[in-house]
Each structure stands twice: as structure tokens, then as C-alpha cells.
Amino acid sequence: MKLILQKGTLWRKVLDATAAATEGGSLHPIPTRLEHVEEGGVRFIVRVLTGRPRKYEESSRDGNPFLPYDESLFVGELTDTHVCLLNKFNVVEHHLLAVTREFEDQEDYLTVRDFAAFLAGLAEFDCLAFYNGGVTAGASQPHRHLQFVALPMDPGGPAVPVEPLVAGSLPAQGQVGSSPSLPFRHALAPMDPAWIGDPLSGAHEALGRYHRMLCAAGMERGGSPARQRQSGPYNLLITRRWMLLVPRSAEFFNGASVNALGFAGALLVRHEDQLRDLKRRGPMTALRSVAFPREEGEA
């Protein structure tokens, strides 16, 4: 593995690429309005579509948009295996993708190269890194793509809305545990700041912790088995402070697709009926319905 990105340059590259892509018409932001729904100690961000975004008109097209990728969306090279692109159909500003240079499947287990790219991004600016492991977990493309959104997600609350339920339940460094406040099966682990300081070395340690989290969440990935294909869909969320892994049972709640950002506390609905139903039933009900029940006796 090799880091290519010059340290301390990514955010400036993001701003410059965003300005150029906006001027050139390459970005197609998805129009939404913002609501908040509070439940279970979380101030959920709920975005409601206010128009028909071009993304849905193009979603049925064949082909791989990342091979080759659109040069007008290029931000920079992260590593010798991953490049950084702007998300063409962004709901929030400065939504980034780290895409493998060659095709790798979104439903294969993550590799040490993926974690080097994750850590390289986290080292550059405070962000939430996340991964949608498969269509059922909200992945829109089969080509391997990691994602980053800048923090705070909501200036009026915690940097990540779900953080109040996570920060107080972090296990000791090197351990994997869970939060008693999250009502679905998951695995929770602390991040080691040293990994971010040295992404290439840290990637090996982070990969090992990811394997243990998969095993703890019932996804049968302990040690280093040879099988590449993941045993089921899941979402992975990573900040500079913690990692959260959630196995998935379904993609949709009442017609609204839920991806990793849902488990961070940010949901997207298509219309007012979905918003009313989400408020009536509660965002935690939505998350429980697309995940798995907690194991009996789990803390």
C-alpha cells in the first residue's frame, strides 16, 4: 500500500473541486428541506425531498459510473488503490466517495486497503466515514465505494446525532461491545488515534477490529478466513472516536431507503406521507425494522 495524498491538502482540494464542478454543472444536488424528530435521546435529522431529483431518473441506467469515473468530479488520489470523488447526487455539501481504481465488489468484505483509505480521509478533516455493504444496506452501485461527510452533521446538536447513545458506552481500547441504548443488533468499538496518525500501519489494526466486530454482530467473520463474500448486508460507520457496525435485514422502511447515515441519525424521505409516518412511528422503529433484534440477554 502507498499513500499518495499530500498531508493537509484534501480539504482544499474538496473546496476547489466543488467550486469547479458546480460552475461546470457536474453536481446535481438532491433538493430537500430539513426537519428534526427527537426520540430516545437522539435529535434525528430528517430530510424531505422537495423535487424529483435527477438521480431517480438515472437510477435504472446500466454501466459503472466509477470505471471510468467522471473527471469533473475528481478531488484527488488518496492511495495507490483509491481515488476521491465528489458525490454527483449529493444531499449534503462536500459528500465524498473513495472509489477503488479497479473494480472490487461492494458485497465483498472490506480489505486493509479500504481501511488505509478510510484512515487517510479521517486524518484530513473531522468527518463521518461510512460504508453500505450491499444493496440491502443502501448501496446504489456494486463498485466498491467508501463515503465521507463532513462534521458536524447538524450544527444545532452533536457532531453525529447518535453520538449521545454511543460515546458513553464505548468499551475499553482494543475491545468490542455494544450500547444498551441502541435497540437493534450491532457492534461498537473505539477508534485508536494512533491509527489516524499513521494510516498505513493503522489500517492493519483497524481491519482486525472490523473482523472482531463482524463476529460480535453475528456475521461469522473471525480471524482471517479465506472467504471474500460477506455473509450478509451491513452498515459500517467510523468517526475519529468510534466504529459502529449494524447488520441489515431490509433496505426500506415504508418505502424510504435507509443507508448507513440512518444509523448515524440522518434519514431521507421522499414525501410528506412518509414524514408523517416516520414521526408517528418514530425513527428508532424505522431503524429496528431494517436491522435485527438484539440478542436475548445482550446488554
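Data table
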quantity	calculated
Dipole in debye (nearest 20) - the range 145-289, about Cα centre, beta carbon charges: Lys, Arg +1; Asp, Glu -1	380 debye
Which of Val112, Val258 has the fewest Cβ neighbours within 10 Å, and the rest in rising order	Val112, Val258
Estimated 222 nm signal from helices in the chain, with DSSP H stretches of n ≥ 4 weighted -39500 (n - 2.57), rounded to 500	-8000 deg cm²/dmol
Cβ-Cβ FRET estimate between Gln6 and Val92, R0 fixed at 25 Å, reported to 0.05	0.45
Burial ordering of Thr111, Thr136, fewest other beta-carbon atoms within 10 Å first	Thr111, Thr136
Dipole of the range 10-290 [Lys/Arg +1, Asp/Glu -1 at C-beta], most positive-end residue of Phe253, Met153, Leu15	Phe253
Two-decimal Rg/Rh across the chain, once Rg and the Kirkwood Rh are taken from alpha-carbon atoms	0.93
Under the Karplus curve 6.51 cos²θ - 1.76 cosθ + 1.60, θ = phi - 60°, whole-Hz ³J(HN,Hα) for the range 158-167, x wherever Gly or Pro sits	x, 3, 10, x, 7, 4, x, 8, 10, 4
The range 160-299, relative contact order [Cα under 8 Å, separation at least 6], %	26 percent
Nearest-0.05 FRET efficiency for Asp80 and Ala19, computed from C-beta distance (R0 22 Å)	0.20
Ser181-Asn254 FRET efficiency (beta carbon distance; Förster radius 22 Å; 0.05 resolution)	0.40
Antiparallel bridge percentage (DSSP; both residues within the chain; nearest 5)	90 percent
Computed label-point distance, nm, for sites Val135 and Glu71 using a 7 Å Cα→Cβ extension	3.3 nm
Over the range 32-178: Kirkwood hydrodynamic radius from C-alpha pairwise inverse distances, Å	17.1 Å
Karplus (6.51, -1.76, 1.60) ³J(HN,Hα), θ = phi - 60°, over the range 126-141, in Hz, Gly and Pro reported as x	5, 8, 9, 9, 8, 9, 9, x, x, 4, 5, 8, x, 6, 9, 9
The range 10-290, dipole about Cα centre (Lys/Arg Cβ +1, Asp/Glu Cβ -1), debye to the nearest 20	800 debye
Selected from Gly25, Ala117, Val83, residue furthest toward positive end of dipole (the range 1-155; charges at beta carbon)	Gly25
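Read-outs: derived from the displayed coordinates by stated rules, not from any lab. Values in this document were obtained by computation on a predicted structure and should not be read as measured data. Neighbour counts run over all protein chains shown; Cβ positions are idealised from the backbone, glycine included.
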